[in-house]
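The values are calculated or read from the model by the stated rules, or taken from the named source; none is laboratory data. On a predicted model such as this, the values are computed, not experimentally measured, just so you know. Please note: Cβ atoms are built from the backbone with ideal geometry, for glycine as well, and neighbour counts cover all protein chains shown. All accessible areas refer to the heavy atoms of the entire protein, side chains included, with ligands and DNA or RNA removed. Shrake-Rupley method; radii C 1.70, N 1.55, O 1.52, S 1.80 Å.
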Amino acid sequence: MSVQMGFFIALAAITLWSGYMVVAARLITHAAFYMALSFVSVAGIFILLNAEFLAAAQVLIYAGAVATIIIFAIMLSNVREIRSDADCPPGIIQRLSLNLRSERLGILPVVVGVIFGLAMAYVYLKAGWTTNAQPAFTNTTASIGQELFTTYAVPFEVASLLLLVAMVGAIILTIKEGK
Amino acid sequence: MTALFQWAADLISSLPKGWVVLLAALLKSIVIVLFVILNVMFMVWLERKVSARIQRRIGPNRVGRFGMWQLIADTVKLLGKEDIIPSMVDRWLFVLAPLVVFATSFLIWVVMPLGPNWETPANLNVGVLYLAAVTSFTILGVFMSGWGSNNKYSVVSSMRAAAVMMSYEIPQVLAVMAVAMVAGSLSLTDIVGAQSKVWYILLQPLAFIIFFISSFAELNRTPFDLAEAESELIAGYNVEYSGLRFAFFFLAEYANLLAMSALMATLFLGGWRPLFPLPGPIWFWGPVWFVAKTYFFVLLNMWVKWTLPRIRIDQLMEFCWKFLLPLSLLNIALTGLVVLARV
């Protein structure tokens, strides 16, 4: 087993575990921090795939901005606990068995996960990707920049316009009447 | 002696390649951690001395010559304190927060070129983007401590800190982008390489001013230290911490100051490039110049901190969004025009 494989297994385990804890955590704040952890470990997997630009963007946008804004929203709201004490018995084994039997934490995620996994497997088999170890580009950042400003300039600008509209909308919503 | 080296070389070449990379990375990290810790200890003493001089005091002068061993005494005191975890805190977040903040302050050094032939990992040629990404972990750590402490002063302080850091990160990153546009690369090694003729403080004065102002907000230091405004928030997000856990926050603040100063030296003062040639090999003088330039910014920061009063939070936010952000966009547009004209 190579070092890379070891890192991949560790990162994948952290991603899966934190992803599960996002829906299973008792406190909504903890769910937000678990989400940040899963974003960061996905960025680690991107680095293993030689996609350093994607990894940096993932941390910058998801862990740095999205997770922080979500924590902000949680702190400004009144919701604290999303599970009652009965949902969270002490002891990991009891809690896990209770969670797996419950509808929202056990059956539904498993069904959704299996469907998603099958869809991904179907895509993977259909696409017929070559699995050569050599990265296609040595400088991914430069090639991504080239593509963004030439081939995909219009979709890129449309996405930024959409974000601008959302931002203006959010500002309008916070303006108080009669001010 | 040669036999010993031969044995070590044989041992290393017999290992699989992945392990060699891992071992080299481990050694490099140990060097960096030692470098940062020693500098941080020196900076704590320096700050006390500088602030004392600015306020016409003498500063620590009892323990050792010039009070040099004061920090050792303080550290022993901090380590000897009882480890108190208040009963109503969110235990996991409370315990993890100082570690997240402390560990993050070391991450910048992964891509920092300390001298010539100081290779950054080839996988990370996104240097500048990496810097912007890892500094955002600090916000998460501050949130963890503020929320985990279960104290309303801590929560208010951590929200202020996060708001300030997130806002000022934007003009700061945009200022660095202008530098990257002139250098034609995101890698810090290339940015230093591009400054062989002229330093970027001359080519990008606007970017430097924006970056310098934003660095105070990012570091939570006066005049922008709204997160730990003693008069209104006691001590801010670390008010419930004591002993070793408090020491982590304290050391992280200085480690961040060192990293930010090193970054300014790299981006705007040519990093390890000498101002004038000195006799001797460049691999020796390079790091010396780098540290000297870093301490130039450290001292500048301390001078400002102990001279100016704190400003209000609404003034701080307005200054960022209504002045610095448009200015940094203007700088990018101007830089773009110049780069286009040159091509």
>> Among the listed residues A:Ile115, A:Ile71, A:Ile144, A:Ile82, identify the single one that is modelled with pLDDT of 80 or more and under 26 Å from B:Leu140 (Cα atoms).
In response: A:Ile71
> Among the candidates B:Leu140, B:Leu131, B:Leu79, B:Leu174, which residue alone is in a helix (DSSP H, G or I) and either open to solvent by 50 Å² or more (accessible area, probe 1.4 Å) or more than 14 Å from chain A (Cβ to nearest Cβ) (or both)?
Replying inline: B:Leu79
> Can you pull out the residues in segment B:48-66 that are open to solvent by 50 Å² or more (accessible area, probe 1.4 Å) and in contact (Cβ under 8 Å) with a residue 60 or more places away in the chain?
Replying inline: B:Ile54, B:Gln55
>> Need the failing condition index for B:Arg160 against (1) closer than 19 Å to B:Ser261 by Cβ; (2) in contact (Cβ under 8 Å) with a residue 60 or more places away in the chain, just the number.
In response: (1)
> Pick from segment A:1-27 the residues that are β-branched (Val, Ile, Thr) and over 13 Å from the mean Cα position of the chain (by Cα): which of them is farthest from the other protein chains (Cβ to nearest Cβ)?
Replying inline: A:Ile9
> Among the residues of segment B:1-52, which ones are at pLDDT 85 or above and among the hydroxyl-bearing types (Ser, Thr, Tyr)?
Replying inline: B:Ser51
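Which residues, taken from segment B:143-157, are open to solvent by 10 Å² or more (accessible area, probe 1.4 Å) and assigned to a helix (DSSP H, G or I)?
Here is the first cut: in segment B:143-157, the ones open to solvent by 10 Å² or more (accessible area, probe 1.4 Å) are B:144, B:147, B:150-153, B:155-156.
B:Met144, B:Trp147, B:Lys152, B:Tyr153, B:Val155, B:Val156 - these are the residues of segment B:143-157 that are open to solvent by 10 Å² or more (accessible area, probe 1.4 Å) and assigned to a helix (DSSP H, G or I).
I'm checking my understanding of the structure. Among residues of segment B:289-314 that are closer than 20 Å to B:Glu228 by Cβ and polar (S, T, N, Q), which one is surrounded by the fewest Cβ atoms within 10 Å (Cβ to Cβ)? It would help to see each step written out before you state the result.
Kept after step one, since they are closer than 20 Å to B:Glu228 by Cβ, are these residues of segment B:289-314: B:298, B:301-314.
In the following step, the residues that additionally are polar (S, T, N, Q) were identified as B:301, B:307.
Working: B:Asn301: 22, B:Thr307: 10.
Looking at residues that are closer than 20 Å to B:Glu228 by Cβ and polar (S, T, N, Q), I get B:Thr307.
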> Can you name the condition, by its number, that B:Ile72 falls short on among (1) assigned by TED's automatic domain parsing to the domain that holds B:Gly127; (2) among the aliphatic types (A, V, I, L, M); (3) modelled with pLDDT under 85?
Replying inline: (1)
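When you check B:Leu96 against the structure, is it more than 30 Å from B:Ser187 (Cβ to Cβ), open to solvent by 30 Å² or more (accessible area, probe 1.4 Å), among the aliphatic types (A, V, I, L, M) and touching a Gly at 6+ places or on another chain (Cβ under 7 Å), yes or no?
On the way: more than 30 Å from B:Ser187 (Cβ to Cβ): yes; open to solvent by 30 Å² or more (accessible area, probe 1.4 Å): yes; among the aliphatic types (A, V, I, L, M): yes; touching a Gly at 6+ places or on another chain (Cβ under 7 Å): no.
For B:Leu96, the condition - more than 30 Å from B:Ser187 (Cβ to Cβ), open to solvent by 30 Å² or more (accessible area, probe 1.4 Å), among the aliphatic types (A, V, I, L, M) and touching a Gly at 6+ places or on another chain (Cβ under 7 Å) - is not met.
Given the options B:Trp45, B:Trp19, B:Trp7, B:Trp69, name the one that is touching a residue at least 12 places away in the same chain (Cβ under 8 Å) and more than 17 Å from the chain's Cα centre (by Cα).
Exactly one of B:Trp45, B:Trp19, B:Trp7, B:Trp69 is touching a residue at least 12 places away in the same chain (Cβ under 8 Å) and more than 17 Å from the chain's Cα centre (by Cα), namely B:Trp45.
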> Mind checking whether some residue in segment B:12-21 is outside any loop (DSSP other than H, G, I, E, B), among the aromatic types (Phe, Trp, Tyr) and over 20 Å from B:Tyr295 (Cα atoms)?
Replying inline: yes
>> Residues that are assigned by TED's automatic domain parsing to the domain that holds B:Phe143 and without any contact (Cβ under 8 Å) to a residue 12 or more places away in the chain: list the helices (runs of 4 or more DSSP H) wholly contained in segment B:193-256 that include at least 3 such residues.
In response: B:230-233
> Which condition breaks for B:Val40 when tested against (1) among the aliphatic types (A, V, I, L, M); (2) within 14 Å of chain A (Cβ to nearest Cβ); (3) within 30 Å of B:Ser149 (Cβ to Cβ)?
Replying inline: (2)
>> What pairs come out if I take residues in segment A:28-57 that are in contact (Cβ under 8 Å) with a residue 12 or more places away in the chain and more than 9 Å from chain B (Cβ to nearest Cβ) and pair them with residues that are part of a loop (DSSP other than H, G, I, E, B) and open to solvent by 40 Å² or more (accessible area, probe 1.4 Å) whose C-beta lies under 8 Å away, six or more apart or interchain?
In response: A:Ile28/A:Val79; A:Ile28/A:Arg80; A:Ile28/A:Ile82; A:Ala31/A:Ile82
